[in-house]
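This report concerns only the one structure given below.
The values are calculated or read from the model by the stated rules, or taken from the named source; none is laboratory data. Remember, it's a predicted structure, so these values are computed and weren't measured experimentally. Here Cβ is always computed from backbone atoms with ideal geometry, including for glycine, and neighbour counts include all displayed protein chains. Keep in mind that these areas ignore ligands, DNA and RNA; they rest on the heavy atoms of the full protein, side chains included. Shrake-Rupley method; radii C 1.70, N 1.55, O 1.52, S 1.80 Å.
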Amino acid sequence: MTPDRRTVGFNFLAEPELPAPQVSEKQAEQILLEHYGIQVHAKSLGSQQDRNFTATAADHTVAGVLKIANPAFNATELDAQDLAAELIAAAEPGLRVAVPLPNLAGEKCTAITGLVQGPAYVRLLRYLPGGTLIQSDYLSPTAAAGLGEVAGKVSRALAGFTHPGLDRILQWDLRYGADVVTQLISHVLDPVRRAAIETAADQAWSRIAPLADDLPRQAVHLDLTDANVVVSQDHGRVHADGVIDFGDLTDTWAVAELAITASCVLGHAGSDPASVLPVIRAFNDIRPLSAAEAEALWPLLVLRTAVLIVSGAQQAALDPDNDYVTEQSDGEWRMFEQATSVPIDVMTAVVRADLGLGESPDAIEVTKPLGGATSVVTLDLSTTSDAYDDGRWLTTDLEDELARTAVQDGAGLVVTVHGQPRLNRAPKLGQDSPAVVPTGIDIWPATGTELFAPWDGEVVNTSTDAVTFRGRGYDVTLSGVHSPASGSVRAGDMLAKAPAGQWVRASLRPVGAPEPPAFTTAELAPGWLALTRDPRTLLGLPPVDAPNSADLLSRRDASFAQVQEHYYQLPPQIERGWRNYLLSTSGRCYLDMVNNVTVLGHAHPRVADTAARQLRKLNTNSRFNYEAVVEFSERLAATLPDPLDTVFLVNSGSEASDLAIRLATAATGRRDVVAVREAYHGWTYGTDAVSTSIADNPNALATRPDWVHTVESPNSFRGKYRGVDALRYGAEAVRQIEKLIADGRAPAAFICESVYGNAGGMALPDGYLQQVYAAVRAGGGLAVSDEVQVGYGRLGEWFWGFQQQDAVPDIVSIAKSTGNGYPLGAVITSREVADRFSSQGYFFSSTGGSPLSCAIGLTVLDVLAQEGLQQNASRVGGHLKSRLEALQQRHPIIGTVHGIGLYLGVEMVRDAETLEPATEETAAICDRMLELGVIIQPTGDHLNILKTKPPLCIDIEGADFYVDTLDRVLTEGF
Ligand code: PMP
């Protein structure tokens, strides 16, 4: 660097103090009147070195932003900035840009004397409404990617731009970052912080300097941060699309643009170094990084955060009354801490891996294996390992237990797998990504074992229970050993003694690579694994290939009809479940708040055992004579009031409700069916016809066949009648049914969920079912209660939803819970209705009512009762609902909390008066909840309700974790 050279523009290193010009709002208003001919109200805005004002007219429209440049900058520099803004605006029509607006004389820049020392250069810039991201606590990956996209577009547009006004030395130009830190560090008063900043800046610079000549230069905005990128708001989802403040435009390393943009993400709540990746990815998609740029990026980012702190400290000393400067410092310190929380080389490796620039490591040859055991057993601790069945992933010391068992079974040496996420190390509930990926391996020798130097080399470090050996450019660290070795060692010499029946941890890394933590997170794993090697090589063992889950979604898209959507844009790969938890292949445990199907909880051992036993014995069909079909039918019928005593067995909710409709048409000889709007009953031809939820099918209402008649959705929260008025829904439905009867189209059936599941678990208005059932029956029709979602104990107080309404239907359709995830549905009706179905021939379903289905169905009923899950739904559900209602008091976005027991719906609104559904917000909330370890999804016609219906085994701790996490999301933003 040549900091003392002459520049066309400003030279920070020659003139480091840059207090903002002192101009009052009154003076600004005068300038605007005199030079721009507008009478406006001027309001001062924060700025570190210029003076900015918004110019607002009497009708509240903003005429622009008046910018009075710091007198240290000259007209040539400002001209470059104005031209750059115009160039970007022309080149990137998708971006909004704060271009200069002409004054009364038609000029972009107004020179005013007498305001500051020398001429004051004043411009009125286009005002971009929408605000910036600096106000958001939390930045979503999408918002972060938006910043990267804007930076990429600006970089692309400015690539060929040259101007003498770019020749300047700014403190923000990272080419001078190390000099800036040196010059300003004394302003940082805390000695601990000062030392940390100096060390980080030195380390960063030692990585950057050797790359400097390989980093392409160009015009760079140099301040495209969350403060200078303006967003368009789309109901909770922000889209970055505007650029302001070209004051730091300069000619420097192109990659500095990205480093500066990316760094600002680290100032936001909940961010960590990996949160920067979406910014980098988005930038790289538009303006690909070279290998040298990817290598320089993280050091530049670290340097940027150091520069920010020292500059802020200097500015605070210089301008103690500038609130803007002091307010920023906490966020800046957070950025620095995050940027330096992981070694630079690790983050560089993370970035390189993310951009597909990672390289496979060279093969490592050993002269003599570290250990010479025969019969080596590799423990599989991945999420799919059978060792975790029956909840054993939660066992403390599971690894020890498994190793001991393997030794008992004859293993000479038990080893683990490098880089394999270990589910057993994940906590059940946690908002942070857990450290589960091992950077080394564990070795468990069956007998006391000697470990040998794999090459000639030397012992570089020993302690009471560890040794580090260096040879062939690698460091081997063994911990949990006793090592008598020291100094030079020859291949095959004894390095350490490993005790029998205890773990020895081995790690292997190239000399100079940072010492890895034993375990790291899935996000940082690509970095740490790139800087370590698989120690299995030292034992002469082949590496264990990691399963490739990266292309699972594309394989799914290629083979599985895409109309069968998946949750989340980038879903975790879930390969295991346990109780109310879902477990991903990256070793994360998620709280499952959505799976109502698995009433008993995931992977219930009794269901699994029942299935396995029955499959070994018999699985035929209900035309044969076996006990299970009888017993299950009896047990189901016993849960229902008279006259519901006759059972049909099918495989799904759609089949059950479809059969219910067919039973009604057969029994009555009629064809018309009445359904409520906003409902879902299934995918079959018949159930689809009576499903009108526009969330499932946007054209549902317009495409009903003529035999389907819909009544108003009895939605007491946002429907036609609300609150006490909701009682009118019943009367209105009755009138419609009476009219159908009078018109000679008396319906065969009325079908409805007995608690309005699809609307978020809303109770029907009091008396609704009694009134409507009576009207249908008066015309000779039948009442069908779809209990697929709400029945089977979920409501806590009642086993069946219709009991909440004190009504008894003629036909009940059930599924989902019935098989705890195994396909099993049923229709229960009276003997009379069932018998009349014979007019349609006979009924048979090949697997409906199979021995397996019935055995599982019986086990589910047993466990439900034995584990007191209906009571648990009442207890935990009551607690959950009251906590959610308390949350509602603090977060206006929660419009209401629907539901009973463990069928709850948290309905999100934009406005408590209009009840405008907060649809996009709800989707964003679900995405953020996933990041924090909770699986929850939207429901309802407007997809603005968090469908809160976990397995019934959820405990208070899980319920609290859900509420606390939702609280955090609503507080920090989403
Ligand atoms: N009825 C209701 C109320 C449902 O919620 C569903 C499924 N969401 C069905 C029927 C259809 O069940 P299945 O998916 O098992 O066919």
Confirm whether GLY757 is among the small types (Gly, Ala, Ser), touching a helix residue (DSSP H, G or I) at 6+ places or on another chain (Cβ under 7 Å), touching a residue at least 24 places away in the same chain (Cβ under 8 Å) and within 30 Å of HIS942 (Cβ to Cβ).
no
Tally of residues being open to solvent by less than 10 Å² (accessible area, probe 1.4 Å) and on the phi > 0 side of the Ramachandran plot across segment 198-245
1
Return only the number of the condition from (1) within 30 Å of GLN803 (Cα to Cα); (2) surrounded by fewer than 24 Cβ atoms within 10 Å (Cβ to Cβ) that THR965 does not satisfy.
(1)
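The rows are residues; the columns are (1) part of a helix (DSSP H, G or I); (2) more than 23 Å from ASP214 (Cα to Cα).
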{"position": "VAL238", "(1), (2)": "no, yes"}
{"position": "GLY247", "(1), (2)": "no, yes"}
{"position": "ASP251", "(1), (2)": "no, no"}
{"position": "ALA256", "(1), (2)": "yes, no"}
{"position": "ALA259", "(1), (2)": "yes, no"}
{"position": "PRO288", "(1), (2)": "no, no"}
{"position": "GLY331", "(1), (2)": "yes, yes"}
{"position": "ARG352", "(1), (2)": "yes, no"}
Using the structure shown, decide if THR692 is within 16 Å of the ligand (Cβ to nearest atom), hydroxyl-bearing (Ser, Thr, Tyr), touching a Lys or Arg at 6+ places or on another chain (Cβ under 8 Å) and open to solvent by less than 10 Å² (accessible area, probe 1.4 Å).
yes
Among the residues that make up segment 126-135, is at least one of them surrounded by fewer than 19 Cβ atoms within 10 Å (Cβ to Cβ), of a type in the set (A, V, I, L, M, F, W, C) and modelled with pLDDT under 95?
yes
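Tell me which residues, restricted to segment 100-113, are surrounded by fewer than 20 Cβ atoms within 10 Å (Cβ to Cβ) and either under 43 Å from the mean Cα position of the chain (by Cα) or under 19 Å from ARG168 (Cα atoms) (or both). Reasoning before the result, please.
The first filter runs over segment 100-113 and keeps only residues surrounded by fewer than 20 Cβ atoms within 10 Å (Cβ to Cβ), leaving 101-109, 111-113.
Correct list: LEU101 only.
Residues in segment 435-445: is at least one of a type in the set (A, V, I, L, M, F, W, C) and part of a loop (DSSP other than H, G, I, E, B)? Give the steps one after another, and end with the answer.
Going residue by residue through segment 435-445, those that are of a type in the set (A, V, I, L, M, F, W, C) are 435-437, 441, 443-444.
Checking the rest, the ones that are also part of a loop (DSSP other than H, G, I, E, B) come to none.
No - not one qualifying residue is present in segment 435-445.
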What's the number of the only condition in (1) within 18 Å of GLU257 (Cβ to Cβ); (2) modelled with pLDDT of 95 or more; (3) open to solvent by less than 50 Å² (accessible area, probe 1.4 Å) that VAL181 fails to meet?
(1)
Among the candidates ASP960, ASP941, ASP955, ASP927, which residue alone is open to solvent by 10 Å² or more (accessible area, probe 1.4 Å) and at pLDDT below 95?
ASP941
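Checking the conditions here, which among VAL116, VAL97 is at pLDDT below 95 and either over 21 Å from ARG51 (Cα atoms) or open to solvent by less than 60 Å² (accessible area, probe 1.4 Å) (or both)?
Details: VAL97 fails: at pLDDT below 95.
Residue meeting the stated conditions: VAL116.
Could you go through segment 527-535 and let me know if any residue there is in contact with a Phe, Trp or Tyr (Cβ under 8 Å, 6 or more places away or on another chain) and of a type outside the set (Ser, Thr, Tyr). Let's see the steps before the verdict.
Pass one, segment 527-535, residues in contact with a Phe, Trp or Tyr (Cβ under 8 Å, 6 or more places away or on another chain): 533.
If we keep only those that are of a type outside the set (Ser, Thr, Tyr) too, we end up with 533.
Yes, some residue in segment 527-535 is in contact with a Phe, Trp or Tyr (Cβ under 8 Å, 6 or more places away or on another chain) and of a type outside the set (Ser, Thr, Tyr).
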Of everything in segment 284-342 that's within 30 Å of PRO516 (Cα to Cα) and among the hydroxyl-bearing types (Ser, Thr, Tyr), which residue is least open to solvent (accessible area, probe 1.4 Å)?
THR305
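Matching residues to (1) open to solvent by 70 Å² or more (accessible area, probe 1.4 Å); (2) assigned to a loop (DSSP other than H, G, I, E, B); (3) in contact with a Pro (Cβ under 9 Å, 6 or more places away or on another chain):
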residue	(1), (2), (3)
ALA550	yes, yes, no
PRO571	no, yes, no
TRP578	no, no, no
SER586	no, yes, yes
TYR590	no, no, yes
ALA608	no, no, no
ARG616	yes, no, no
PHE624	yes, yes, yes
PHE648	no, no, no
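Here is a list: VAL544, VAL597. Which entry is at pLDDT below 95, open to solvent by 30 Å² or more (accessible area, probe 1.4 Å), in contact with a Lys or Arg (Cβ under 8 Å, 6 or more places away or on another chain) and among the aliphatic types (A, V, I, L, M)? Explain how you work it out, then say what you get.
Numbers: VAL597 fails: at pLDDT below 95.
It is VAL544.
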Test: residue in segment 678-687 that is under 22 Å from LYS947 (Cα atoms), of a type outside the set (Val, Ile, Thr) and in contact with a strand residue (DSSP E or B) (Cβ under 7 Å, 6 or more places away or on another chain)
yes
Of the residues in segment 715-735, how many are more than 22 Å from GLY757 (Cβ to Cβ) and either in contact (Cβ under 8 Å) with a residue 40 or more places away in the chain or open to solvent by less than 40 Å² (accessible area, probe 1.4 Å) (or both)?
2
Checked segment 338-364 for anything farther than 23 Å from ALA306 by Cα and of a type in the set (Gly, Ala, Ser); matches are ALA353, GLY356, GLY358, SER360, ALA363
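Condition test on ALA702, is it more than 14 Å from the ligand (Cβ to nearest atom), open to solvent by 40 Å² or more (accessible area, probe 1.4 Å), assigned to a helix (DSSP H, G or I) and of a type in the set (Gly, Ala, Ser)? Please lay out each step first, then the result.
On the way: more than 14 Å from the ligand (Cβ to nearest atom): yes; open to solvent by 40 Å² or more (accessible area, probe 1.4 Å): yes; assigned to a helix (DSSP H, G or I): yes; of a type in the set (Gly, Ala, Ser): yes.
In short, yes.
Taking segment 274-283 as the region of interest, how many residues are over 14 Å from ARG352 (Cβ atoms) and either open to solvent by less than 10 Å² (accessible area, probe 1.4 Å) or among the small types (Gly, Ala, Ser) (or both)? Steps first, answer last, please.
Filtering segment 274-283 down to residues over 14 Å from ARG352 (Cβ atoms) leaves 275, 278-279, 282-283.
Retained after the next criterion (residues that are either open to solvent by less than 10 Å² (accessible area, probe 1.4 Å) or among the small types (Gly, Ala, Ser) (or both)): 275, 279, 282-283.
Counting residues in segment 274-283 that are over 14 Å from ARG352 (Cβ atoms) and either open to solvent by less than 10 Å² (accessible area, probe 1.4 Å) or among the small types (Gly, Ala, Ser) (or both) gives 4.
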Residue pairs within 9 Å by beta carbon, gap of at least six or interchain, first lying in segment 621-646 and under 20 Å from GLU832 (Cα atoms), second in a helix (DSSP H, G or I) and open to solvent by 80 Å² or more (accessible area, probe 1.4 Å), listed first then second, are PRO643/ARG831; PRO643/GLU832; ASP645/ALA638; ASP645/ARG831; THR646/ARG831; THR646/GLU832; THR646/ASP835
(1) open to solvent by 50 Å² or more (accessible area, probe 1.4 Å); (2) more than 18 Å from VAL220 (Cα to Cα): which one isn't true of ASP79, the others all being true?
(2)
Any idea which of (1) within 24 Å of TYR773 (Cβ to Cβ); (2) part of a helix (DSSP H, G or I); (3) under 32 Å from the mean Cα position of the chain (by Cα); (4) not acidic (Asp, Glu) is the one TYR680 doesn't satisfy?
(2)
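Output the helices (runs of 4 or more DSSP H) that fall wholly within segment 762-866 and possess 3 or more residues being away from the ligand (no atom under 16 Å from the Cβ) and either among the charged types (D, E, K, R) or open to solvent by less than 40 Å² (accessible area, probe 1.4 Å) (or both), or say none. Walk me through it before giving the result.
Values: elements: 768-778, 801-804, 831-836, 851-866.
In segment 762-866, 768-778, 831-836, 851-866 are the helices (runs of 4 or more DSSP H) which contain 3 or more residues that are away from the ligand (no atom under 16 Å from the Cβ) and either among the charged types (D, E, K, R) or open to solvent by less than 40 Å² (accessible area, probe 1.4 Å) (or both).
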Return only the number of the condition from (1) under 16 Å from CYS752 (Cα atoms); (2) part of a loop (DSSP other than H, G, I, E, B); (3) without any contact (Cβ under 8 Å) to a residue 40 or more places away in the chain that THR710 does not satisfy.
(2)
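Mind telling me which of the residues GLU678, GLU655, GLU712, GLU634 ends up being within 16 Å of the ligand (Cβ to nearest atom) and open to solvent by 40 Å² or more (accessible area, probe 1.4 Å)? Steps first, answer last, please.
On the way: GLU678 fails: open to solvent by 40 Å² or more (accessible area, probe 1.4 Å); GLU712 fails: within 16 Å of the ligand (Cβ to nearest atom); GLU634 fails: within 16 Å of the ligand (Cβ to nearest atom).
Just a single option satisfies the conditions, and that option is GLU655.
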